[in-house]
1. Restricting to region 21-56, name every residue that is open to solvent by less than 30 Å² (accessible area, probe 1.4 Å) and among the β-branched types (V, I, T).
2. Within region 227-257, track down each residue that is of a type in the set (G, A, S) and within 21 Å of C364 (Cβ to Cβ).
3. How many residues are at pLDDT 85 or above, in a loop (DSSP other than H, G, I, E, B) and closer than 22 Å to G457 by Cα when one looks only at region 313-332?
4. Within region 187-210, how many residues are in a helix (DSSP H, G or I), touching a helix residue (DSSP H, G or I) at 6+ places or on another chain (Cβ under 9 Å), under 20 Å from L143 (Cα atoms) and of a type outside the set (F, W, Y)?
5. Any residue in region 290-312 that is in a helix (DSSP H, G or I), open to solvent by less than 10 Å² (accessible area, probe 1.4 Å) and either out of contact with any Gly (no Cβ under 9 Å at 6 or more places or on another chain) or at pLDDT below 85 (or both)?
6. Sort through L533, L510, L526 and tell me the only one that's within 18 Å of A303 (Cα to Cα), open to solvent by less than 50 Å² (accessible area, probe 1.4 Å) and at pLDDT below 85.
7. For region 123-166, name all the residues that are in contact with a strand residue (DSSP E or B) (Cβ under 9 Å, 6 or more places away or on another chain), open to solvent by 40 Å² or more (accessible area, probe 1.4 Å) and part of a loop (DSSP other than H, G, I, E, B).
8. Could you tell me which residue of region 98-112 is farthest from I22 (Cα to Cα), considering only residues that are free of Cβ contacts under 8 Å to residues at least 24 places away in the same chain and hydrophobic (A, V, I, L, M, F, W, C)?
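The values are calculated or read from the model by the stated rules, or taken from the named source; none is laboratory data. Keep in mind that this is a model prediction, so the values were computed, not measured. Cβ placement follows ideal geometry from the backbone for every residue including glycine, while neighbour counts extend to all protein chains displayed. Side chains included, ligands, DNA and RNA excluded: accessible areas come from the protein's heavy atoms. Shrake-Rupley method; radii C 1.70, N 1.55, O 1.52, S 1.80 Å.
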Amino acid sequence: MNLVPEQIKFFLHQHSVRRNLIFLGRFIAMLMCLIGLYSVLFHFIMAHEGQHYSWITGVYWTLTVMSTLGFGDVTFTSDLGKLFSMFVLCSGVLLMMIILPFSFIQFFYVPWIEAQQKGHTPRSIPQYVKGHVIVVSTSPIALNLVDELQEYGAKCVILCHDSHKTLDLLDQGYTAVVGEHDSSKTYEKLRLPQAAMLVALDSDVRNTNIIFTARDVSASVDIVASAQSEDAIDILRLAGSTRVFQFHKLLGEALARRVLNSNMRFSIVSRFKELVVAEGPVMRTSLVGKSLRESDLRQATGANVVGLWERGKFMLATPDTVFTPTMVMVIVGDMHQIQAANAYMSQGNGAVSGKSSHIVILGCGRVGLVAAKQLERSGRDYSIVDKTPKNGFVKSHLITGDASDLEVLEKAGMHDAQSVIITTHDDDTNIYLTLYCRRLREDIQIISRATLDRNVGILHAAGADLVLSLASMVSSSIINLLAPGKVLMINEGLNIFRTSVGKSLEGLPLLGCGIRTSTHCSVVALRDKDGILHANPDPNHIFAAGEEIYLIGDSESEKKFYEKYGKNLPITS
């Protein structure tokens, strides 16, 4: 019973509602005055015809005529009376049948429904909530981040400025709260001092306001922000951000690092203290057609091939796995082992000669420009295709035109290129260009950018050899900050995680413990009781209490490991 009075109170307290009600009241008052005027004229005209009716009858006649009911029990006989009746009828149709309903809907019904929705929209979170992550954005990348965080058991709250969007997110199962991003009260209601982190993924200007306002509420909470321009990094730090990421720059550099390079076959994708994870394409190496056992890579370098990407699917490497040109090796080791692997692939087992080392970049936006800078620094030969003329260092490398035009691509050197990097911000365009480039050249390395994770598989199916997702880069960066030393997201859901040796593994040898076969995880390193890290430990090593093991696998493999062997927290931080 208290709900209706509360809704009415909330409804009437809104300034726009009060203004609308005044407009609606004025219209109804004008309508009532007109009904009174028509009733008076009704009496004068009836008296002129010699008929006499009460004042109630006058109002009754006016309402029946204006509402087009027209019962016909009270009528005029003169032409003047009939003309008056037609005038009242037409004005009634206009005012009561058209203007009044629309005015009621616009000035009362719609605001009432909106007020009800706002009244049901959460504006705060419960007092018991703590250790949560506040995400200030409703973009697809932000929602992807929330999904990834929830996979790891993190509590997430999305701050929206629009009640309709908030209700939509609530219907999708997210925890969303409506509020203004520049209001301290909003962050107090979100229990910012008790939060684990605040993530701002909006524009540079809005992020600055978000951080500045949030920092007034809590001086100690971690605040992570995205920056679109180089100049915004210092401003966001001055506003109070703990960490600032230029995700588009990170993506552009990562795309450029993965192009074929005979001198540097493996590019470092992640570091986990002394442990280094690197990727390298098999394309145009003498490994094509050989098995992992025949490659002798581990024996020669100490680095371990822990897995293989093939068209976006990750698989664990076995001794009998045969390398194909579409595969990308994932190797793990310390820095010396990674360098040895690069030297090994460049010399004794080096790259097979093929096309020139020319690289074509399709798209010269933020990501494409960063990729070009990376290639420029490494002295690589490249050309850029973009519809818009550019200045600066890329001017001499730019081919102005449509990337889907064959003549433009040939002018850019597509026929002899070793690799093509597709960097546009539109996934549909990237899929189209990937398919087009693959049809033009079956042997070219295609590296594509994806904005959303859901399009990664489609890009691989279209013919891309490597796909890097902006959404995954954002998620992995945030997750690695939330759980430092515990888990490391490498790429597209591939993780390195660590756990202490529990009773279920004590006394078992690494080779016969069954981790690989039962969970599809691979042990990549081991830290002994003395704190020394051993990358790619001896298969005959016997697990002992007090040791920590580092494993690589996707999210599903990680869950299987914890289900089988238990979730034993690492001993060291």
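1. The answer is I35, I45.
2. Scanning region 227-257 gives A227, S229, A232, G252, A254, A256.
3. Number satisfying all stated conditions: 3.
4. Of the residues in region 187-210, 4 are in a helix (DSSP H, G or I), touching a helix residue (DSSP H, G or I) at 6+ places or on another chain (Cβ under 9 Å), under 20 Å from L143 (Cα atoms) and of a type outside the set (F, W, Y).
5. yes
6. L533
7. R123, S124, T138, Y152, K155, H161, D162
8. Checked region 98-112; the qualifying residue farthest from I22 (Cα to Cα) is I98.
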